[in-house]
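Here's the structure, in structure tokens; my notes come after.
The values are calculated or read from the model by the stated rules, or taken from the named source; none is laboratory data. Given the structure is predicted, the values throughout are model-derived calculations rather than measurements. Don't worry about glycine lacking a Cβ; one is built from the backbone with ideal geometry, like all the others, and counts go over all protein chains shown. Side chains are part of the model used for accessible areas, which takes the heavy atoms of the whole protein and leaves out ligands, DNA and RNA. Shrake-Rupley method; radii C 1.70, N 1.55, O 1.52, S 1.80 Å.
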Amino acid sequence: MSAFPHAKYLSGAHEPHQFVPDEGAEVAFAGRSNSGKSSAINAIVQRHALARTSRTPGQTQLVNFFELSPGRRLVDLPGYGYAKVPRPLQAHWRQLLESYFTGRATLRGLFVVMDVRHPLTEHDERMIGYARAAGRGVHLLLTKAYKLGRGAGMATLAKVRKAVGDTAGAQLFSATEKTGVDEARRVLQGWLAR
Ligand SMILES: Nc1nc2c(ncn2[C@@H]2O[C@H](COP(=O)(O)OP(=O)(O)OP(=O)(O)O)[C@@H](O)[C@H]2O)c(=O)[nH]1
Ligand SMILES: [Mg+2]
């Protein structure tokens with residue numbers, strides 16, 4: 001049974017004026033394209049295909065809003081850092097993300113989703129910076145944890161924790177192996193309960 005049996009897709013925004021009304025509480029997922037944001041959302045919500053996933057990078061091209069329960073939302077942000085996206089579109093997404101972070105009063109926390117093999121890119125650091133500047137919680141998901149093996153995964157986690165200090169939480173995560181899903185869900189529920 002899902003912790004969020006009534007979760008549903010609301011809408012996708014290409015421009016800030018299309019964001020759903022800024023009421024209630026919201027938690028967002030940011031990360032490099034193909035890092036596993038949409039897969040993480042589905043694992044945490046325990047719904048197979050709530051957010052659309054793809055092998056092809058650049059799948060999530062809109063700011064996608066999901067309702068977990070009345071007034072409680074998740075937001076799947078467009079992935080960044082995918083070189084094949086045309087530059088004008090990349091610039092547009094960057095502006096869209098900036099206006100999301102600066103303007104969104106109901107944003108409680110941000111998950112930054114990073115492939116455990118490529119953590120803390122410059123774009124990831126920028127997202128963490130936006131969220132911290134806006135006074136929001138940040139939690140890092142190091143995804144595809146099994147691709148690195150347990151020892152190396154733990155070593156990466158220790159390095160990432162050291163790098164971010166007390167500005168963000170961090171954990172290993174695997175949507176396919178269901179590692180760290182309960183831990184991430186607790187963080188989400190903690191943010192939404194406040
Ligand atoms: N092995 C493994 N593969 C994963 C995991 N999470 C996601 N994937 C795979 O990685 C690919 C990308 O996953 P998505 O969830 O679509 O990634 P995304 O970050 O939403 O990508 P964009 O929407 O393009 O930004 C898919 O082929 C997933 O099946 C994981 O935990 N382990
Ligand atoms: Mg996606």
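General remarks:
- Every residue from the stretch 68-80 that is open to solvent by 10 Å² or more (accessible area, probe 1.4 Å) and within 9 Å of ligand 1 (Cβ to nearest atom): 80
- Tally of residues being over 20 Å from residue 105 (Cβ atoms) and either at pLDDT 95 or above or open to solvent by 70 Å² or more (accessible area, probe 1.4 Å) (or both) across the stretch 1-11: 5
- Subset of the stretch 135-181 (residues that are among the charged types (D, E, K, R) and closer than 26 Å to residue 101 by Cα): 136, 161, 162, 166
- Residue in the stretch 87-109 that is surrounded by 22 or more Cβ atoms within 10 Å (Cβ to Cβ), among the β-branched types (Val, Ile, Thr) and touching a residue at least 40 places away in the same chain (Cβ under 8 Å) present: no
- Any hit, the stretch 60-67, residues being more than 25 Å from residue 185 (Cα to Cα), within 15 Å of ligand 1 (Cβ to nearest atom), modelled with pLDDT under 90 and buried (at least 16 other Cβ atoms within 10 Å of the Cβ): no
- Among all positions in the stretch 157-169, there is no residue which is buried (at least 20 other Cβ atoms within 10 Å of the Cβ) and among the polar types (S, T, N, Q).
- Residue check for residue 29: within 14 Å of ligand 2 (Cβ to nearest atom) and farther than 20 Å from residue 86 by Cα: yes
- Tally of residues being within 11 Å of ligand 1 (Cβ to nearest atom), at negative phi and open to solvent by 40 Å² or more (accessible area, probe 1.4 Å) across the stretch 25-48: 2
- Residue count for the stretch 12-24, restricted to those that are aliphatic (A, V, I, L, M) and either within 18 Å of residue 187 (Cα to Cα) or open to solvent by less than 10 Å² (accessible area, probe 1.4 Å) (or both): 1
- Count of the stretch 140-152 residues which are crowded, with 20+ Cβ neighbours inside 10 Å and not in a loop (DSSP other than H, G, I, E, B): 5
- Selected residue (only one of 106, 60 is among the β-branched types (Val, Ile, Thr), more than 22 Å from residue 170 (Cα to Cα) and within 16 Å of ligand 2 (Cβ to nearest atom)): 60
- In the stretch 115-127 there is no residue that is under 22 Å from residue 194 (Cα atoms) and not hydrophobic (A, V, I, L, M, F, W, C).
- Conditions (1) at negative phi; (2) within 14 Å of ligand 2 (Cβ to nearest atom); (3) not acidic (Asp, Glu); number of the one not met by residue 19: (2)
- Matching residues in the stretch 153-194 - criterion: being polar (S, T, N, Q) and in a loop (DSSP other than H, G, I, E, B): 176
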